[in-house]
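S.K.: Here it is: the structure, laid out below.
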Amino acid sequence: MVLVSAVRDYVYRMLQDISGMKVLILDSQTVSIVSVVYSQSELLQKEVFLVELIDSISKSKESMSHLKAVYFLRPTSENIQYMRRQLSNPRFGEYHLFFSNMLKDTQIHLLADSDEQEVVQQVQEFYADFIAVDPYHFTLNMPSNHYYILPAVVDPSNLQHFCDRAVDGIGAVFLALKRRPIIRYSRASDIAKRIAHETAKLMYQQESGLFDFRRMEMSPLLLIVDRRDDPVTPLLNQWTYQAMVHELIGIQDNKVDLRSIGKFPKDQQEVVLSSEQDAFFKANIYENFGDIGMNIKRMVDDFQQVAKSNQNIQTIEDMAKFVDNYPEYRKMHGNVSKHVTLVTEMSKIVEERKLMLVSETEQDLACNGGQVAAFEAVTNLLNNESVSDIDRLRLVMLYALRYEKESPVQLMQLFNKLASRSAKYKPGLVQFLLKQAGADKRTGDLYGNRDFLNIARNMARGLKGVENVYTQHQPLLFQTMESIIKGRLRDVDYPYVGNLFQQGRPQEVVIFIVGGTTYEESRSVAQLNASNSGIRFILGGTAVLNSKRFLKDLEEAQGIARSNANVV
């Protein structure tokens with residue numbers, strides 16, 4: 001429960017010692033940080049009667065001196081300006097200020113100067129500057145995630161903001177875990193190298209005292225890699241519960257907004273999917289689609305039994321028992337209808353878009369050789385009227401990534417067919433992907449066909465057979481983690497920062513993907529953590545991707561690259 005507990009502990013410490021009625025004031029990022037680990041009812045138990053955003057509270061003038069204000073904000077200059085204005089004309093009885101990362105001395109002076117009425121009781125740094133979506137998976141929810149694709153010269157100031165936010169987030173994770181790591185990065189990626197060096201500078205120079213924790217026998221490892229080393233994983237359809245919901249409907253901060261796919265009653269328009277708050281989801285988070293259907297049927301049967309026994313109320317005692325159990329019954333009813341709704345909606349999408357057909361070819365393109373058969377399968381799907389534009393685009397991308405060197409002629413034929421079949425096809429997007437994440441740009445052995453050991457392992461997997469054709473793909477991250485477990489991560493591919501090297505195996509590893517993680521990768525991390533390899537892995541990234549978000553980032557980067565054509 002590492003990351004989730006760390007953030008929960010920070011929130012608990014903020015609220016626990018301040019007695020009486022409170023208002024919790026957050027910014028657009030800390031609202032996500034808190035909402036994934038604390039529910040509304042838990043906040044109420046801590047006497048938080050109002051949760052507000054800092055920009056909206058600035059507009060109100062009404063005095064609330066009976067309330068104590070607890071602020072939890074990122075230490076940005078914008079937030080400091082909001083705070084200065086609010087302190088110069090205080091509306092609340094007390095002000096308790098908590099910041100999610102390190103404050104600069106100048107910011108502390110500005111706050112002190114503004115507090116003329118001495119209403120500020122405390123100012124503290126609580127290092128929860130990341131969104132802990134799962135116990136071993138965090139994200140930074142960066143809105144301009146596409147900057148990782150662009151060369152530094154295109155937009156230096158925005159790229160610097162991007163790097164600063166990544167370094168802040170990584171720094172906070174290690175402060176929350178009370179560790180200072182050895183740092184390595186993906187050789188082929190300029191941005192991974194830059195973030196790695198800036199993180200090292202923060203931890204070993206600028207704030208070395210803050211990161212000076214008790215020495216461990218073996219330092220943890222921070223490995224910074226680039227999404228472009230594995231552009232295949234975010235392009236694939238998913239068939240395990242959490243990953244599939246994100247791919248087909250979308251998950252944001254562990255919430256699913258159902259309004260985009262149909263009309264639902266008010267209490268079902270947005271549902272929470274959290275392994276911390278939902279036992280069924282926790283048990284089925286990595287199960288495949290077929291098994292989830294069976295497990296939901298079992299859950300519905302159990303619920304019907306409970307509902308039946310509730311109908312059988314004959315005595316006063318029965319009635320009292322029903323009233324006592326009613327909150328639990330309501331909760332169970334809500335949970336059953338939530339999962340039934342999600343699976344029903346996903347089944348409709350799978351049927352409409354013929355995703356089983358599409359996914360079989362996707363998995364073949366990602367896992368198995370055979371260019372001739374692949375070309376034929378992709379061509380047939382491009383001709384199939386039921387296949388949607390986005391699925392056509394993804395199929396051509398997957399084919400291009402796999403066979404860019406082997407079959408340029410067929411590739412051109414697919415480009416032309418895609419352009420004629422799909423009106424929405426963005427010209428040049430596949431070529432842009434190849435330019436950014438083609439074979440020459442990647443670190444690591446994405447298809448397991450460069451390194452003899454990987455070739456042998458893939459053959460062995462092929463001979464054993466795969467239990468499920470739809471989930472046979474393993475992300476490159478899985479290979480990387482296996483290499484770390486076996487002590488085989490090559491220095492030439494993943495160099496160290498500075499003169500700090502690692503002898504032996506680390507016991508804790510944080511892998512940060514610049515450009516974003518996927519739920520398929522967080523599943524690999526959870527599986528390896530459960531396998532008792534003696535190493536605990538944590539996965540983090542700048543965003544949590546599905547294919548839609550990955551393609552949107554590509555398009556945005558392509559648009560900027562076009563307008564700076566002479567640079568890119």
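S.K.: What residue, of 91, 13, is touching a residue at least 12 places away in the same chain (Cβ under 8 Å) and under 18 Å from residue 172 (Cα atoms)?
M.R.: When all the criteria are applied, what remains is 13.
S.K.: Could you please give the count of residues in segment 98-155 that are among the aliphatic types (A, V, I, L, M), assigned to a loop (DSSP other than H, G, I, E, B) and under 30 Å from residue 281 (Cβ atoms)?
M.R.: Qualifying residue count, segment 98-155: 3.
S.K.: Just to be sure, is residue 204 at pLDDT 90 or above, in contact with a His (Cβ under 9 Å, 6 or more places away or on another chain) and not in a loop (DSSP other than H, G, I, E, B)?
M.R.: Judged against the criteria, residue 204 is not a match.
S.K.: Quick one: would you say residue 348 is over 29 Å from residue 448 (Cα atoms) and at pLDDT below 90?
M.R.: In short, no.
S.K.: So residue 534 passes all but one of these: (1) at pLDDT 90 or above; (2) open to solvent by 10 Å² or more (accessible area, probe 1.4 Å); (3) of a type in the set (Gly, Ala, Ser). Which condition number does it fail?
M.R.: (1)
S.K.: While we're on this one: State whether one or more residues within segment 30-40 are open to solvent by 40 Å² or more (accessible area, probe 1.4 Å) and over 30 Å from residue 537 (Cβ atoms).
M.R.: yes
S.K.: Sticking with this structure for a sec: Can you find even one residue in segment 176-196 that is outside any loop (DSSP other than H, G, I, E, B), in contact with a Gly (Cβ under 7 Å, 6 or more places away or on another chain), under 19 Å from residue 148 (Cα atoms) and in contact (Cβ under 8 Å) with a residue 12 or more places away in the chain?
M.R.: The answer is no, given that none of the residues of segment 176-196 is outside any loop (DSSP other than H, G, I, E, B), in contact with a Gly (Cβ under 7 Å, 6 or more places away or on another chain), under 19 Å from residue 148 (Cα atoms) and in contact (Cβ under 8 Å) with a residue 12 or more places away in the chain.
S.K.: While we're looking at this one, here's another question. Filter segment 280-292 for residues that are farther than 14 Å from residue 468 by Cβ and either touching a residue at least 24 places away in the same chain (Cβ under 8 Å) or basic (Lys, Arg) (or both) and give the result.
M.R.: 280, 281, 282, 284, 285, listed by residue number.
S.K.: Do we find a residue being crowded, with 20+ Cβ neighbours inside 10 Å, of a type in the set (Gly, Ala, Ser) and assigned to a helix (DSSP H, G or I) anywhere in segment 2-10?
M.R.: So far as segment 2-10 goes, yes, one or more of its residues are crowded, with 20+ Cβ neighbours inside 10 Å, of a type in the set (Gly, Ala, Ser) and assigned to a helix (DSSP H, G or I).
S.K.: Tell me whether segment 71-85 contains one or more residues that are out of contact with any Leu (no Cβ under 6 Å at 6 or more places or on another chain), touching a residue at least 60 places away in the same chain (Cβ under 8 Å) and either in a helix (DSSP H, G or I) or more than 30 Å from residue 510 (Cβ to Cβ) (or both).
M.R.: No.
S.K.: Also, quick follow-up: Condition (residue is open to solvent by less than 10 Å² (accessible area, probe 1.4 Å), touching a residue at least 60 places away in the same chain (Cβ under 8 Å) and either farther than 16 Å from residue 522 by Cα or of a type in the set (Gly, Ala, Ser) (or both)) applied to segment 254-264: is it met by at least one residue?
M.R.: yes
S.K.: Additional query: Is segment 115-128 home to any residue that is of a type in the set (D, E, K, R), under 22 Å from the mean Cα position of the chain (by Cα) and open to solvent by less than 60 Å² (accessible area, probe 1.4 Å)?
M.R.: Among the residues of segment 115-128, not one is of a type in the set (D, E, K, R), under 22 Å from the mean Cα position of the chain (by Cα) and open to solvent by less than 60 Å² (accessible area, probe 1.4 Å), which makes the answer no.
S.K.: Keeping to segment 267-325, report how many residues are acidic (Asp, Glu), modelled with pLDDT of 75 or more and either part of a helix (DSSP H, G or I) or open to solvent by less than 40 Å² (accessible area, probe 1.4 Å) (or both).
M.R.: 4
S.K.: Okay, moving on. Identify, please: which residue in segment 439-493 is of a type in the set (Phe, Trp, Tyr) and open to solvent by less than 70 Å² (accessible area, probe 1.4 Å) and is, among those, modelled with the lowest pLDDT?
M.R.: Filtering first and then ranking leaves 447.
S.K.: Of the numbered conditions (1) open to solvent by less than 10 Å² (accessible area, probe 1.4 Å); (2) not in a helix (DSSP H, G or I), residue 170 fails exactly one; give the number of that condition.
M.R.: It fails just one condition, (2).
S.K.: A further question on this structure: Do we have any residue at all in segment 224-231 that's modelled with pLDDT of 90 or more, part of a loop (DSSP other than H, G, I, E, B) and within 30 Å of residue 290 (Cα to Cα)?
M.R.: Yes, segment 224-231 contains a residue that is modelled with pLDDT of 90 or more, part of a loop (DSSP other than H, G, I, E, B) and within 30 Å of residue 290 (Cα to Cα).
S.K.: Is there a residue in segment 383-398 that is more than 26 Å from residue 561 (Cβ to Cβ), assigned to a helix (DSSP H, G or I) and not small (Gly, Ala, Ser)?
M.R.: Checked against the condition, which is being more than 26 Å from residue 561 (Cβ to Cβ), assigned to a helix (DSSP H, G or I) and not small (Gly, Ala, Ser), segment 383-398 yields at least one hit.
S.K.: Just need a number here: residues in segment 372-415 that are over 18 Å from residue 438 (Cα atoms) and open to solvent by less than 40 Å² (accessible area, probe 1.4 Å).
M.R.: Counting residues in segment 372-415 that are over 18 Å from residue 438 (Cα atoms) and open to solvent by less than 40 Å² (accessible area, probe 1.4 Å) gives 10.
S.K.: Let me ask something else. Quickly run through segment 45-92 and pick out the residues that are closer than 14 Å to residue 18 by Cβ and buried (at least 16 other Cβ atoms within 10 Å of the Cβ).
M.R.: 46, 48, 67, 68, 69, 70, 71, 72, 92
S.K.: Could you give me the residue pairs with C-beta distances under 7 Å whose first residue belongs to segment 482-497 and is polar (S, T, N, Q), whose second residue is in a loop (DSSP other than H, G, I, E, B) and surrounded by fewer than 16 Cβ atoms within 10 Å (Cβ to Cβ) wherever it lies, and which are 6+ apart or on separate chains?
M.R.: No pair meets every condition.
S.K.: Which numbered condition in (1) of a type outside the set (A, V, I, L, M); (2) at pLDDT 95 or above; (3) surrounded by fewer than 20 Cβ atoms within 10 Å (Cβ to Cβ); (4) within 21 Å of residue 190 (Cα to Cα) is the only one that residue 501 fails?
M.R.: All conditions are met except number (2).
The values are calculated or read from the model by the stated rules, or taken from the named source; none is laboratory data. All values derive from a computational prediction rather than experimental measurement. As a convention, Cβ positions derive from the backbone with ideal geometry for all residues, glycine included, and neighbour counts pool all protein chains shown. Remember, those area values only see protein heavy atoms, side chains included, never the ligands or the DNA or RNA. Shrake-Rupley method; radii C 1.70, N 1.55, O 1.52, S 1.80 Å.
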